[in-house]
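The block underneath contains the structure these notes are about, expressed in structure tokens.
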Amino acid sequence: MAQPLSDGVFAQIALQMGAVTQEQLDAARASQAALARNGQTVSLGEMLVRLGILTPPLCENIERKMLAQPQAAARQLGPYKLLRKLGEGGMGAVYLAEDTMLNRKVALKVLPQRHSADHEFLSRFKREAVATGKLNHPNIVAAYAVGEDAGWHFYAMEYCEGTPLDQMLDRLGSLPEREALRIVEQVARGLGYAHLNGVIHRDIKPSNIFVTTDGTAKILDLGLSKNLGAEQSFQTVSGTALGTPHYISPEQARGERAIDGRTDIYSLGATLYHLVTGHTPYEGATPALVMMKHLAAQIPDPRDHNPALSDDVVHLICKAMAKAPEDRYRNCEEMVQDIERILQGLKPASRAVDALSTTIAVRPRRRGMARMWQPEQELPQPDPLPIGPHRQRRILVASAACAFLLVVLLALLLRSGGKESPAARKASGPAPSVPPPAVPQLPPQQPMPLPEKTPPAPAPAPMAHDPADWSQALDLLKRVDPEKDRVTGEWALDEGGLLARAGDDAKLRLPYHPPEEYDFLIEFTRQTGHECVMQSLAAAGRQFRWRMGGWSNTVFGFGRIKDIDADANPTCVRRTSCIVNGTRHTSIVKVRKDGVEAWFDGQRICEWKTDYSDLSLIKVNWELGDSRALGLACQFSQTLFHRIRVREVTGKGTFTR
């Protein structure tokens, strides 16, 4: 077994990053000792989170840096030697690792250590390993083993070369229709196999689909999976919706427990919508609003985003995303059959779903395109008729569902806990009995001595800044006077920092001229809204901006470059959601003589090599009134800035007052 990671290593990294002070560490250790006297063991990181000194994401970032240290004992977890980080999801980080016993490479998912005491989170993590271990299918990532070492819970799974589907979308925007269909067909086959074995995924989305170098699609992350055959399987508290809002089925949005495989079919339909249009079916300022739209709102016609989309694929999306489960494909096999027919140039065999039951906003086709195909016969468009009892019932159901979600959301805000209701009923059709999990438990490991010299591991991802120097950085927040520095909008000093109140455009000029080379850091929380937060920068006599969450929270980028906005120039990076409201984010922009680089929450987003002659502001009225000053801005949002700092790299800057 690896030696337990000491709190001393955590403290050292936290201090180097400037995340805590020595006084804060001392206070946290005193609280640790008090709990220990009462028999409670809490890590230093968890205690710093409980005291409000660290945010959970920052604590997990420090833990990842602990794992990334080549000399750290934690680079060996059980028989697995960590080589490099592959990615991260809601259930933990994934590393490329070497199985030293079987001499093979594996993908090792490691649960954040601070969650080890969270029984519900730990249960979900273990459930992912158990659910995956039951399944053996070419379109599902295989699980090998699950274990725990020195407080780190992990499981080993198949390592594949390739790209997650969400990263493909980030790079390409959308996929050609036939390529998208081939991927969705494979995912449907994998889901069909899982459903037959009593497992529902419940979180199908692009980031949980991996495409290997040979074009094989594999399903990842069964962390929300539900076992239909196990009495003691992990269940959600009644009324709690689990899943990703942009792809969640209506029944999951309502928090229903009696769900079956058709919930995955809906999410797969939403994923197909995203693949062929480059847009998720619904957008909203908050997850709750997105879920409400899944319950009752019309789906925008996918041809509005992609006019070249075939009627057959629109039919497929309509059928899969019908609001009522009984109007969808009954199982994945039916969906696969329709996809195969479309790829062969044939019409889908399934019955078309009327617009009301699917609530898709099917509009008259433009530019001479034929309207959506209906099987068996072409029916004329009827004149508008009064709403009959059948259609009226559907409208009432949709309205009631919307009202129900509002009540559920209010209850979730007020509740402090709940009891689990009886196990959900099984999916339509009897599910075969589920054999015991096939994932072997790793035996307790003895401490594994590290050799005196180990081959150097691949270098960890570069840090967003030099942590040793930020303690000496200039604190610009202390210099801000909202009345004097405001350019537009309403600004005020708040106990938590500098507050930009909600409005269409808020700009503030910082009383400081930076040197030739510098790093500009802000920590902020967007409280409301769905548009961008920006840092105004100055270099070589030019002003420009770093935009986060522009274009309805989907774009990172610098603007303008060669008079092209951030959503279309080479620095543009697209995300489904850039900024999460209520979450504290960190942005660092590094300005150098030969270019500029942007980091967000510890990850490098983009860089641009330039002499700055090609950079400018988007329009004249975005100027700060001082071409050499730094600044802050936000649009259509209320944002709290917790920290505003500058690290001078070359030369010295000057304060303007």
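Do we find a residue being closer than 18 Å to GLN543 by Cα, assigned to a loop (DSSP other than H, G, I, E, B), assigned by TED's automatic domain parsing to the domain that holds GLY541 and in contact with a Ser or Thr (Cβ under 7 Å, 6 or more places away or on another chain) anywhere in region 610-625? Break it down stepwise before answering.
Within region 610-625, the first condition is being closer than 18 Å to GLN543 by Cα, and the residues that meet it are 610-625.
Among the residues that remain, those that are also assigned to a loop (DSSP other than H, G, I, E, B) are: 610-614, 616-619, 623-625.
Subsequent filtering for residues that are assigned by TED's automatic domain parsing to the domain that holds GLY541 retains 610-614, 616-619, 623-625.
Restricting the remaining residues to those that are in contact with a Ser or Thr (Cβ under 7 Å, 6 or more places away or on another chain) gives 624.
Checked against the condition, which is being closer than 18 Å to GLN543 by Cα, assigned to a loop (DSSP other than H, G, I, E, B), assigned by TED's automatic domain parsing to the domain that holds GLY541 and in contact with a Ser or Thr (Cβ under 7 Å, 6 or more places away or on another chain), region 610-625 yields at least one hit.
Within region 126-146, can you find the residues that are touching a strand residue (DSSP E or B) at 6+ places or on another chain (Cβ under 6 Å) and within 22 Å of ARG64 (Cα to Cα)?
The answer is ALA129, ALA145, VAL146.
Residue-by-condition table, conditions (1) within 23 Å of the chain's Cα centre (by Cα); (2) loosely packed, with under 15 Cβ neighbours inside 10 Å; (3) farther than 21 Å from ARG628 by Cβ:
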| residue | (1), (2), (3) |
| --- | --- |
| ALA568 | yes, yes, yes |
| CYS578 | yes, no, yes |
| HIS585 | yes, no, yes |
| VAL591 | no, no, no |
| ALA598 | yes, no, no |
| CYS606 | yes, no, yes |
| THR610 | no, no, no |
| SER613 | no, yes, no |
| SER616 | no, no, no |
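Looking only at region 148-160, which residues are part of a strand (DSSP E or B) and touching a helix residue (DSSP H, G or I) at 6+ places or on another chain (Cβ under 7 Å)?
TRP152, HIS153, TYR155, MET157
Here is a list of conditions, (1) modelled with pLDDT of 85 or more; (2) out of contact with any Asp or Glu (no Cβ under 8 Å at 6 or more places or on another chain), and LEU122 meets all of them except one; can you say which number that is?
(1)
Is it the case, given these coordinates, that LEU220 is in contact with a Phe, Trp or Tyr (Cβ under 9 Å, 6 or more places away or on another chain) and either more than 30 Å from GLU179 (Cβ to Cβ) or modelled with pLDDT of 95 or more (or both)? Explain how you work it out, then say what you get.
Working: in contact with a Phe, Trp or Tyr (Cβ under 9 Å, 6 or more places away or on another chain): yes; either more than 30 Å from GLU179 (Cβ to Cβ) or modelled with pLDDT of 95 or more (or both): no.
Against the criterion (in contact with a Phe, Trp or Tyr (Cβ under 9 Å, 6 or more places away or on another chain) and either more than 30 Å from GLU179 (Cβ to Cβ) or modelled with pLDDT of 95 or more (or both)), LEU220 does not qualify.
Yes/no matrix, rows are residues, columns are (1) in the same structural domain as THR280 (by TED's automatic domain parsing); (2) surrounded by 15 or more Cβ atoms within 10 Å (Cβ to Cβ); (3) at pLDDT 95 or above:
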position: GLY489; (1), (2), (3): no, yes, no
position: GLU495; (1), (2), (3): no, no, no
position: ASP519; (1), (2), (3): no, yes, yes
position: ILE522; (1), (2), (3): no, yes, yes
position: GLU531; (1), (2), (3): no, yes, no
position: GLN543; (1), (2), (3): no, yes, no
position: THR554; (1), (2), (3): no, yes, no
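For region 251-299, which positions are among the β-branched types (Val, Ile, Thr), over 18 Å from ASN553 (Cβ atoms) and either outside the structural domain of ILE209 (by TED's automatic domain parsing) or in contact with a Phe, Trp or Tyr (Cβ under 8 Å, 6 or more places away or on another chain) (or both)?
Taking region 251-299 and keeping what is among the β-branched types (Val, Ile, Thr), we get 259, 263, 265, 271, 276-277, 280, 286, 290, 299.
When the remaining residues are screened for being over 18 Å from ASN553 (Cβ atoms), the result is 259, 263, 265, 271, 276, 299.
Correct list: ILE265, THR271, ILE299.
Output the number of residues of region 558-580 satisfying the condition of being touching a Phe, Trp or Tyr at 6+ places or on another chain (Cβ under 7 Å), of a type in the set (A, V, I, L, M) and assigned to a loop (DSSP other than H, G, I, E, B).
The total comes to 1.
May I ask you to list pairs of residues, at least six apart or on different chains, whose Cβ atoms are under 7 Å apart, with the first in region 580-606 being closer than 17 Å to HIS642 by Cβ and the second being of a type in the set (Lys, Arg)?
Cβ pairs passing all conditions: ASN581/ARG526.
Quick test for you: out of ALA33, ALA74, pick the one residue that is at pLDDT below 80 and assigned to a helix (DSSP H, G or I).
On inspection, the qualifying residue turns out to be ALA74.
Hey, among SER207, SER174, which residue is closer than 19 Å to THR277 by Cα, under 19 Å from the mean Cα position of the chain (by Cα), not in a helix (DSSP H, G or I) and not assigned by TED's automatic domain parsing to the domain that holds VAL555?
Numbers: SER207 fails: not in a helix (DSSP H, G or I).
Answer to the selection: SER174.
Only one of (1) surrounded by fewer than 23 Cβ atoms within 10 Å (Cβ to Cβ); (2) assigned to a strand (DSSP E or B); (3) not acidic (Asp, Glu) is not met by ARG526, so which one is it?
Every listed condition holds for ARG526 apart from (1).
If you scan region 289-314, which residues turn out to be in a loop (DSSP other than H, G, I, E, B) and out of contact with any Pro (no Cβ under 6 Å at 6 or more places or on another chain)?
Once the filter is applied, which keeps residues that are in a loop (DSSP other than H, G, I, E, B) and out of contact with any Pro (no Cβ under 6 Å at 6 or more places or on another chain), region 289-314 yields ALA297, GLN298, ASP301, HIS305, ASN306, PRO307, ALA308, SER310.
Looking at THR583, THR639, which one is touching a Phe, Trp or Tyr at 6+ places or on another chain (Cβ under 6 Å) and over 24 Å from ARG171 (Cα atoms)?
One residue alone meets the criteria, THR639.
If the Cβ limit is 9 Å and pairs must be 6+ apart or interchain, which residue in region 334-347 that is outside the structural domain of ALA320 (by TED's automatic domain parsing) and among the β-branched types (Val, Ile, Thr) pairs with which residue that is part of a helix (DSSP H, G or I) and surrounded by 19 or more Cβ atoms within 10 Å (Cβ to Cβ)?
none
The conditions are (1) part of a strand (DSSP E or B); (2) without any contact (Cβ under 8 Å) to a residue 40 or more places away in the chain, and LEU122 fails exactly one of them. Which is it?
Only one criterion in (1) part of a strand (DSSP E or B); (2) without any contact (Cβ under 8 Å) to a residue 40 or more places away in the chain is unmet by LEU122, namely (1).
Please go through region 252-270 and give me each residue that is touching a Leu at 6+ places or on another chain (Cβ under 8 Å) and either more than 18 Å from ALA322 (Cβ to Cβ) or assigned to a helix (DSSP H, G or I) (or both), ordered by number.
Within region 252-270, GLN252, ALA253, ASP264, ILE265, LEU268, GLY269 qualify.
Please go through region 128-147 and pick out each residue that is touching a Leu at 6+ places or on another chain (Cβ under 9 Å), touching a residue at least 60 places away in the same chain (Cβ under 8 Å), of a type outside the set (S, T, N, Q) and not in a helix (DSSP H, G or I).
Within region 128-147, LEU135, ILE140, VAL141, ALA143, TYR144, ALA145, VAL146, GLY147 qualify.
How many residues, within region 505-540, are farther than 16 Å from SER587 by Cβ and in contact with a Ser or Thr (Cβ under 7 Å, 6 or more places away or on another chain)?
14
Exactly one condition in (1) out of contact with any helix residue (DSSP H, G or I) (no Cβ under 9 Å at 6 or more places or on another chain); (2) at pLDDT below 85; (3) surrounded by 18 or more Cβ atoms within 10 Å (Cβ to Cβ) is false for GLU63; which is it?
Single failed check for GLU63: (1).
The values are calculated or read from the model by the stated rules, or taken from the named source; none is laboratory data. Here the structure is a predicted model, which means the values were calculated and not measured. When we count neighbours, we look across all protein chains shown, and the Cβ atoms used for this are built from the backbone with ideal geometry, even at glycine.
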